[in-house]
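Read through the structure below, which is laid out as structure tokens, and then see the notes.
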Amino acid sequence: MNATPIDDGPGWHHVAEFLRRGETYGDGGAPEAIETHISIVFLTQQYAYKLKKPARYDFLDYSTAWARRRSEEHTSELQSPMYLVCRLLLEKK
């Protein structure tokens, strides 16, 4: 997997730093950050927040903010039915 370096400007880094701070979430604790080659997942006490990195590989292109947003919208569309099923199962317990 060869990544093409992407200069996405300062915006992405500001968002990542904002999400790393505990005061961002209001529960006081800094989130656990799990970093992969294409994203960073911030785990708080209640939620998980995923931030896609500006990157370009042979198998994906997240080189622009628009491309990353479109990918997230597509992922949300695919996962939405599964989320509802899981939610219903948990509520029945």
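Any read-out appearing in this document is the output of simple, stated calculations on the displayed coordinates, not a laboratory observation. As the structure is a prediction and not an experimental result, all values here were calculated from the model. Every residue, glycine among them, receives a Cβ derived from its backbone with ideal geometry; neighbour counts consider all protein chains shown.
Points to keep in mind about this one:
- Scanning region 46-65 for residues that are closer than 26 Å to PRO31 by Cα and either among the basic types (Lys, Arg) or not in a loop (DSSP other than H, G, I, E, B) (or both) yields ALA48, TYR49, LYS50, LEU51, LYS52, LYS53, ALA65.
- Among the residues making up region 22-77, none is without any contact (Cβ under 8 Å) to a residue 40 or more places away in the chain, of a type in the set (Gly, Ala, Ser), under 20 Å from GLY11 (Cβ atoms) and touching a Ser or Thr at 6+ places or on another chain (Cβ under 8 Å).
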